[in-house]
Amino acid sequence: MTRFDVVVLGGGLVGCAAAYYLAKRGARVRLVEQGDLNREASGRNAGSLHFQLEYRLIRYGDELASQFAQIIPLSLVALEDWRGLEAELQADLEVGMHGGLIVAESETDVALLERRQALQEKWGLGSSLLSASEVRRIAPYLAESVIAAGYFPHEGHANPRLVTPAFARRAEALGVSIQAQTRVTALLRDGAEWVVTTVDRAGQTQDVVAGAVLNAAGAWAGEIGRLVHLHLPIFPVPLSMNVVERAAPLIPHLVQHASQRLTLKQVSSGNILVGGGWPGRFAREGSAMTTQRRAEPVIENVMANLSLAARLVPAIGDLRLLRSWTGITGITTDQMPLLGAVPEAPGLFVAAGGAAFTHGPTYARLISELMLEGRASASIDLYSPARFSHINNFMASV
């Protein structure tokens, strides 16, 4: 039976990055992906690097917003990781970090910005509030309806089609065995080791043994949890993105809205990416939704997303939409990542959920440290799967 130090489940950004960091520390690693690498959220998101608190994190009241704000220290670690990532991977990832604006169009929006600013100051994020005149000075492309903005000078974007493949190439160069188009059908604890059973697209079954397993399956992390008879409260959601035709350089910033779903940026090719968490729609098998087929955009949501973008940046109103698509991502019940050891299953670790593009390389680096060295270089206790142990109180682990 083939033996590895770690089997990584999931070939998205977190999985490929974790495989790289584990191998860099000397571990023998196999990575297993049920489809193709970078196939879902990791390669189909809008590429935003957002370190300010997103709209979804502050819309549900002060108590939850204060809880969500505790992720800012991890965001600051992620910021530093992204600054050095192209050098680390020896690759052009089209990283641009020229600043981010969260814009307000009403006094209610301004109040949200002020709440966000207070939380960000508390946790050490060096953002600022800009007046209407200050916004006009640094972002003349924005509409007159913008009366204020939250600004952080280090937000930006990277190309999601390049990042995961770069990690995969570097991982393979370090000896990582990558198996795509391969499903995990069983995870069984055998003494101090895990037996991982897989089946490839030709129907060939294989058992491999590992001292540890990393569940980096994103929206499918809950399904992996069920293989060991445990619940991981992470749920798949289909989110839509849009790309608009190329234009002359216009938008140097990542633009978000204080109270509505929007991310907007112009990439190096000149195209404008518009997203912000607008729902797509799962395909169905019979009467139930399925995550095994492509989710589809909802035309009404696409139009609303683009209308909001054109309202804020009038110059893009005459540009043509080229393509809309949907990626499936995983959201936890408390919108924080699952990052750490699973207490009920020794040797099983998870890294999934949260803002997994912005934080993905950092999740991967820190979980690799925890797995091989017993502790991470930055605190991740807040994100431990142990916070959901009460859900597994009635579950017998394998």
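Only the coordinates and a few stated rules stand behind these numbers; no lab work does. On a predicted model such as this, the values are computed, not experimentally measured, just so you know. Please note: Cβ atoms are built from the backbone with ideal geometry, for glycine as well, and neighbour counts cover all protein chains shown.
Of note:
- 5 Å-binned pair-distance histogram of segment 87-220 (Cα, whole percent): 2, 8, 11, 12, 11, 9, 9, 8, 8, 9, 7, 5, 1, 0
- With K and R counted +1 and D and E -1, the other residues having a Cβ less than 11 Å from that of Ala247 yield a net charge of 0.
- Peptides 254-264, 303-313 ranked from most to least packed, by the mean per-residue count of other Cβ atoms within 10 Å: 254-264, 303-313.
- Scalar couplings 3J(HN,Hα) for segment 178-183, obtained by applying the Karplus form with A = 6.51, B = -1.76, C = 1.60 to θ = phi - 60°, are 10, 10, 8, 6, 9, 9 Hz; x denotes Gly and Pro.
- The distance separating the Cα centre of segment 135-168 from that of segment 216-272 comes to 14 Å.
- Positive dipole terminus of the chain, leading residue within Leu53, Leu113, Ile178 (C-beta point charges): Ile178
- Based on every Cα atom in segment 323-366, Rg and the maximum pairwise Cα distance Dmax equal 12.6, 45 Å.
- This model, with +1 at the C-beta of Lys and Arg and -1 at the C-beta of Asp and Glu, gives segment 63-103 a dipole about its Cα centre of some 180 debye.
- Global form of segment 63-158, assessed from the alpha-carbon gyration tensor, a/c cut-off 1.5: oblate
- Residue order, fewest to most surrounding Cβ atoms within 10 angstrom, among Glu344, Glu155: Glu344, Glu155
- Calculated diffusion of the chain, Stokes-Einstein form, Kirkwood radius summed over Cα pairs, 37 °C and 0.692 mPa s, µm²/s: 152
- Relative contact order computed over the chain (Cα-Cα under 8 Å; 6+ residues apart), in percent: 22
- Summing +1 for each Lys or Arg and -1 for each Asp or Glu among the other residues whose beta-carbon sits under 14 angstrom from that of Asp200 gives 0.
- A Cβ-based charge dipole, computed about the Cα centre of the chain with Lys and Arg at +1 and Asp and Glu at -1, lands at about 640 debye.
- Total formal charge among the other residues, if their Cβ is under 10 angstrom from that of Ala295, Lys/Arg +1 and Asp/Glu -1: +2
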